[in-house]
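Inspection log for the structure reproduced underneath, given as structure tokens.
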Amino acid sequence: MIRSSIKGIGSYVPDKILSNEDLLKMVDTSDDWIVSRTGIKERRIADKNIKTSDIAAEASKKAIEMANMKPSDIDLLIVGTVTPDMIFPSTSCMVQNNLGIKKAAAFDISAGCAGFIYSLSVADSLIKSGQFKNALVVGVDVLSRITDYTDRSTCVLFGDGGGAVVLSANNESDRGILSTHIHSEGGHDDILKLPAGGSNMPASIGSIENHEHYIKMKGSELFKYAVNYLNNVAKEAIEYNNLNPEDIDLFVPHQANIRIIEATAKKLGFPMEKVFVNVNKYGNTSSGSIPIALDEAYRSGRIKERDLVLIDAIGAGLTWASSLIRW
Ligand code: UT7
């Protein structure tokens, strides 16, 4: 039986830090409100000349190097993002050119903050089908480009960054991506969307004046869905693999809000020592969140060979997803 497994991982976040103290000078907020409601202390912001594909390429180089491969070994490239360089061509084609990956199928996946796990799921299936051998799977976003820094209810939450994994075919039956579960439920654009710039509301002077090119979010409504759906999809992964929560070595959830992370962990029965958290340093980086966290967890020794790692995420759509990985 063919499985796919992670041969390399890497991430990249811009150097520039936007701290809570910096935000106090921009909107009516406080360090105490941001930390107590979200757990976020600071986030990274890309310089003007840095594009989504640049961050994706930096993360990808590290993943390819760790996998001991050359860019030419990659035959499939999927980028999960909601902040593409431009509407088309796809960001994956930009990354392909940037890295000199000559022959690969390349496309983007738009699944909100679940973009990385959706991309992982598609790559895993295509590898299992025997059609591809080495996939580069990226989750990346430059949310600062679509964040309204006059809206205190959203601007304190988001940051920029991305991560990548090299996923390769292997024949070890108990190692690699053990499962992926992806879900969506349309009809929730009222709670999270970017209204303008698409066919529904092309760019106009009015759309710019009304700040319609920025994220609009009803946070407290989304919060309730997040805790429920993340709990359900994590359970789905555990049950599908005939495991118990105690069997999981590390839970790496979407880094949107420490209160969502803690509430989900509690529902699932995971002590916080088994939960990886870096939302304090980066805020919510959307599709970048899971691969950045996975990379940090691996490089800091929190993930060891053969550990069982559970990831899950939720985002605009709504979309939500989980995966269980035997590292
Ligand atoms: O990545 C996709 C998944 N994303 C999420 O799941 C995000 C989910 N939502 C959340 O993380 C939280 O709902 C937020 C952090 C966005 C907001 O926390 P909350 O506890 O739900 O606060 P709230 O929106 O109910 O707002 C409470 C109060 C309001 O004031 P009033 O109406 O009670 O007087 C807001 O105006 O806090 C006020 N507020 C702020 N105050 C200081 C909102 N933003 C701020 C701010 N600083 N930055």
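The values are calculated or read from the model by the stated rules, or taken from the named source; none is laboratory data. The structure displayed is predicted, hence computed values, not measured ones. We place every Cβ from the backbone using ideal geometry, glycine too, and count neighbours over all the protein chains shown. For accessibility, only protein heavy atoms count, side chains too; no ligands or nucleic acids. Shrake-Rupley method; radii C 1.70, N 1.55, O 1.52, S 1.80 Å.
Quick notes on this structure:
- Between residue 241 and residue 133, the contour length at 0.36 nm per residue exceeds the Cα-Cα span by 36.5 nm.
- A simple spin-label model places the labels of residue 224 and residue 149 3.4 nm from each other, with each point 7 Å out along Cα-to-Cβ.
- Taking the Cα centre of the chain as reference, the dipole from Cβ charges on Lys and Arg (+1) and Asp and Glu (-1) amounts to some 560 debye.
- The stretch between residue 86 and residue 17, if pulled fully straight at 0.36 nm per residue, gains 22.4 nm over its current Cα-Cα span.
- Of 293, 263, 169, the one that fluctuates the most in a GNM where the chain has Cα springs shorter than 10 Å: 263
- Note on residue 125 and residue 307: with the Förster distance fixed at 22 Å, the Cβ-Cβ geometry gives a FRET efficiency of about 0.40.
- Dipole axis of the range 139-212 (+1 Lys, Arg; -1 Asp, Glu on Cβ), positive-most option in 177, 143, 196: 177
- Net charge, residue 67 excluded, C-beta distance under 14 Å - Lys, Arg +1, Asp, Glu -1: +1
- The charge dipole of the range 213-277, taken about its Cα centre with unit charges on the Cβ of Lys, Arg, Asp and Glu (plus for the first two, minus for the last two), comes to roughly 460 debye.
- Here the calculated FRET efficiency for residue 171 and residue 249, from their Cβ-Cβ distance with R0 = 22 Å, stands at 0.40, rounded to the nearest 0.05.
- The chain: most fluctuating residue of 87, 74, 238 per GNM, C-alpha cutoff 10 Å: 87
- Apolar share of the accessible surface for the chain: 51 percent from carbon plus sulfur atoms, 1.4 Å probe.
- Evaluated with a Cβ-only charge set (Lys, Arg +1; Asp, Glu -1), the range 177-326 carries a dipole of roughly 260 debye about its Cα centre, given to the nearest 20.
- Summarising the overall dimensions of the chain from its C-alpha atoms, the Rg and Dmax are 18.6, 57 angstrom.
- Beta bridges per DSSP, both residues in the chain: antiparallel share near 70 percent.
- Taking the C-alpha atoms of the range 14-74, convex hull volume expressed per residue in Å³: 118 Å³
- Around residue 251: net Lys/Arg minus Asp/Glu count, Cβ-Cβ under 10 Å: -1
- Percentage, to the nearest whole number, of Cα pairs in the range 177-326 over 19 Å apart: 55 percent
- Extension gain, residue 97 back to residue 68 (0.36 nm per residue minus Cα-Cα distance, nm): 8.5 nm
- Across 153, 184, 173, mean-square fluctuation computed from a Gaussian network of the chain (C-alpha pairs under 10 Å connected) peaks at 173.
- The value for the range 180-258 of Rg(Cα) / (2.2 N^0.38 Å) is 1.53.
- Three-way shape label, the range 9-48, alpha-carbon gyration tensor, a/c 1.5: oblate
- Rolling a 1.4 Å probe across all protein chains gives residue 93 an accessible area of roughly 50 Å².
- Cα shape, the range 50-166, gyration tensor, a/c 1.5 rule: prolate
- By average C-beta atoms within 10 angstrom, highest first, the peptides 112-122, 207-217, 58-68: 112-122, 58-68, 207-217
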